[in-house]
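Report on the following structure.
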Amino acid sequence: EMERPFVGVASAFSEVVPGHMHLRGIVDAVKAGVRAGGGVPFEFGTMGICDGIAMNHQGMLYSLPSRELVADTVEAMTVAHAFDALVLVPCCDKIVPGMLMAAVRLDVPTVVVGGGPMLAGRLGDQAVDLNTTFEAVGRHMAGVLDDEGLKQIECAACPTCGSCSGLFTANSMNCLTEALGLALPGNGTIPAPFSERLRLAKDSGETVMRVLRNGLTPRRIVTATAIGNALVVDASMGCSTNTVLHLAAIATEAGLDFPLQQINDIAGRTPHLCAIAPAGPYHME
């Protein structure tokens with residue numbers, strides 16, 4: 001094993017973020033893929049803040065800065081332990097862009113496999129999600145919704161593991177990671193509870209070994225054209241506006257210019273193809 005490539009597997013798992021409760025299984029599948037591909041995996045953890053919990057109090061001030069801490073953790077562990085390649089396993093909020101920033105900063109062969117989107121909840125014939133809960137809290141405060149009605153929504157809105165079921169930051173960024181070329185097809189859309197997500201994770205572990213053998217590093221993949229492709233996908237899907245903050249940071253880490261005018265130029269010529277929550281009635285599933 002000492003003669004084989006050492007592969008760092010960065011896991012966002014913690015017991016704090018509800019959407020991360022399945023990441024141990026995802027990471028185990030990644031490590032199986034790395035071993036099958038001839039490498040030796042080493043799992044390590046990163047911090048992660050759940051924006052849905054760090055809401056309406058001082059904790060929200062810590063969310064965006066945590067992106068830099070995630071990137072710095074991956075960098076420190078990779079350089080200190082001389083990993084030959086990386087598989088990054090984010091799930092929610094600022095963890096996805098933080099890991100992507102580390103990938104292009106380090107320029108070590110890397111594959112990203114996210115935890116996947118949560119399924120939408122059901123309340124009668126209505127699909128519900130995290131945003132439904134936020135709205136319900138407002139209705140409760142206004143006296144339009146009683147305690148029992150609020151509790152029903154609260155208990156139905158987030159029924160599975162994974163990142164919240166609409167096109168919020170995590171699902172947006174996991175889709176854009178495909179467009180950037182750092183994740184396998186399906187990374188943004190295969191639901192978190194599906195067995196297919198485990199197959200994707202194992203395939204990602206095997207794939208990073210091929211990426212390593214071929215000498216493909218993130219800066220060879222994340223070019224100005226790739227950033228443009230990500231913006232096209234962003235505009236066509238109607239992704240979270242947070243993606244602009246994150247693509248700018250990723251481009252900067254890759255040594256690329258990120259002129260703000262290109263956002264308007266691309267959005268102006270790209271048709272908006274889908275209406276995914278919170279902008280429409282459909283969910284990632």
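Would you mind telling me which numbered condition in (1) small (Gly, Ala, Ser); (2) surrounded by 16 or more Cβ atoms within 10 Å (Cβ to Cβ); (3) closer than 22 Å to residue 191 by Cα; (4) more than 18 Å from the chain's Cα centre (by Cα) residue 85 fails?
(3)
Looking at 135, 178, can you tell me which residue is out of contact with any strand residue (DSSP E or B) (no Cβ under 7 Å at 6 or more places or on another chain), of a type in the set (D, E, K, R) and closer than 17 Å to residue 284 by Cα? Steps first, answer last, please.
Working: 135 fails: closer than 17 Å to residue 284 by Cα.
Every option except 178 fails the conditions.
Check whether at least one residue in the stretch 51-60 is at negative phi, in contact (Cβ under 8 Å) with a residue 40 or more places away in the chain, acidic (Asp, Glu) and open to solvent by 10 Å² or more (accessible area, probe 1.4 Å), and report yes or no.
yes
Scan the stretch 1-32 residue by residue and report those that are under 17 Å from residue 87 (Cα atoms), assigned to a loop (DSSP other than H, G, I, E, B) and either touching a Pro at 6+ places or on another chain (Cβ under 6 Å) or open to solvent by less than 10 Å² (accessible area, probe 1.4 Å) (or both). Even if it seems obvious, please write down each step before you answer.
At the first step, the residues of the stretch 1-32 found to be under 17 Å from residue 87 (Cα atoms) are 4-13, 20, 22-32.
Checking the rest, the ones that are also assigned to a loop (DSSP other than H, G, I, E, B) come to 4-5, 12-13, 22.
Hit for the stretch 1-32 is 12, nothing else.
Identify all residues within the stretch 138-168 that are in contact (Cβ under 8 Å) with a residue 60 or more places away in the chain, open to solvent by less than 10 Å² (accessible area, probe 1.4 Å) and either touching a Phe, Trp or Tyr at 6+ places or on another chain (Cβ under 6 Å) or closer than 19 Å to residue 280 by Cα (or both); write none if there are none.
Taking the stretch 138-168 as the starting set, the residues that turn out to be in contact (Cβ under 8 Å) with a residue 60 or more places away in the chain are 158, 161-168.
Filter once more, so that each one left must be open to solvent by less than 10 Å² (accessible area, probe 1.4 Å): 162-163, 165-167.
Answer for the stretch 138-168, where residues must be in contact (Cβ under 8 Å) with a residue 60 or more places away in the chain, open to solvent by less than 10 Å² (accessible area, probe 1.4 Å) and either touching a Phe, Trp or Tyr at 6+ places or on another chain (Cβ under 6 Å) or closer than 19 Å to residue 280 by Cα (or both): 163, 165, 166, 167.
Sort out which residues of the stretch 93-107 are open to solvent by less than 20 Å² (accessible area, probe 1.4 Å) and of a type outside the set (A, V, I, L, M), and write them in order of number. Walk me through it before giving the result.
From the stretch 93-107, those open to solvent by less than 20 Å² (accessible area, probe 1.4 Å) are 94-104; that's our starting set.
94, 97, 98 - these are the residues of the stretch 93-107 that are open to solvent by less than 20 Å² (accessible area, probe 1.4 Å) and of a type outside the set (A, V, I, L, M).
With respect to residue 185, determine if the residue is surrounded by 17 or more Cβ atoms within 10 Å (Cβ to Cβ), outside any helix (DSSP H, G or I) and either in contact (Cβ under 8 Å) with a residue 12 or more places away in the chain or not hydrophobic (A, V, I, L, M, F, W, C) (or both). Break it down stepwise before answering.
Values: surrounded by 17 or more Cβ atoms within 10 Å (Cβ to Cβ): no; outside any helix (DSSP H, G or I): yes; either in contact (Cβ under 8 Å) with a residue 12 or more places away in the chain or not hydrophobic (A, V, I, L, M, F, W, C) (or both): yes.
The answer is no for residue 185.
Mind listing whichever residues of the stretch 246-278 are assigned to a helix (DSSP H, G or I), among the hydrophobic types (A, V, I, L, M, F, W, C) and either open to solvent by less than 30 Å² (accessible area, probe 1.4 Å) or within 28 Å of residue 69 (Cα to Cα) (or both)? Steps first, please.
Of the stretch 246-278, the ones assigned to a helix (DSSP H, G or I) are 246-253, 261-269.
Filter once more, keeping what is among the hydrophobic types (A, V, I, L, M, F, W, C): 247-251, 263, 266-267.
Of everything in the stretch 246-278, those that are assigned to a helix (DSSP H, G or I), among the hydrophobic types (A, V, I, L, M, F, W, C) and either open to solvent by less than 30 Å² (accessible area, probe 1.4 Å) or within 28 Å of residue 69 (Cα to Cα) (or both) turn out to be 247, 248, 249, 250, 251, 263, 266.
Give, as residue ranges, the helices (runs of 4 or more DSSP H) completely inside the stretch 44-141 that count at least 3 residues that are of a type outside the set (Phe, Trp, Tyr), within 18 Å of residue 245 (Cβ to Cβ) and at pLDDT 95 or above.
Qualifying helices (runs of 4 or more DSSP H): 63-80, 95-106.
Is there a residue being more than 29 Å from residue 229 (Cβ to Cβ) and either open to solvent by less than 30 Å² (accessible area, probe 1.4 Å) or in contact with a Phe, Trp or Tyr (Cβ under 8 Å, 6 or more places away or on another chain) (or both) anywhere in the stretch 115-124? Talk me through it step by step, then tell me what you get.
Our first condition is that a residue be more than 29 Å from residue 229 (Cβ to Cβ); within the stretch 115-124, this holds for 121-124.
If we keep only those that are either open to solvent by less than 30 Å² (accessible area, probe 1.4 Å) or in contact with a Phe, Trp or Tyr (Cβ under 8 Å, 6 or more places away or on another chain) (or both) as well, we get 121.
Yes, the stretch 115-124 has at least one match.
Taking only the stretch 88-122 into account, find how many residues are more than 27 Å from residue 153 (Cβ to Cβ) and among the small types (Gly, Ala, Ser).
Looking only at that region, the number is 3.
Testing residue 177 on (1) in contact with an Asp or Glu (Cβ under 8 Å, 6 or more places away or on another chain); (2) hydroxyl-bearing (Ser, Thr, Tyr); (3) open to solvent by less than 10 Å² (accessible area, probe 1.4 Å), one condition comes back false. Which one is that?
Here residue 177 clears every test but (1).
Every residue, every condition in (1) touching a residue at least 60 places away in the same chain (Cβ under 8 Å); (2) out of contact with any Pro (no Cβ under 7 Å at 6 or more places or on another chain), yes or no:
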{"residue": "210", "(1), (2)": "yes, yes"}
{"residue": "223", "(1), (2)": "no, yes"}
{"residue": "256", "(1), (2)": "no, yes"}
{"residue": "265", "(1), (2)": "no, yes"}
{"residue": "271", "(1), (2)": "no, yes"}
{"residue": "284", "(1), (2)": "yes, no"}
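The values are calculated or read from the model by the stated rules, or taken from the named source; none is laboratory data. The structure presented is a predicted model; accordingly, all values stated were derived computationally and were not measured. Heads up, the Cβs are rebuilt from the backbone with ideal geometry, glycines too, and the neighbour counts pull from every protein chain shown. SASA here: full protein model, heavy atoms, side chains in, ligands and nucleic acids out. Shrake-Rupley method; radii C 1.70, N 1.55, O 1.52, S 1.80 Å.
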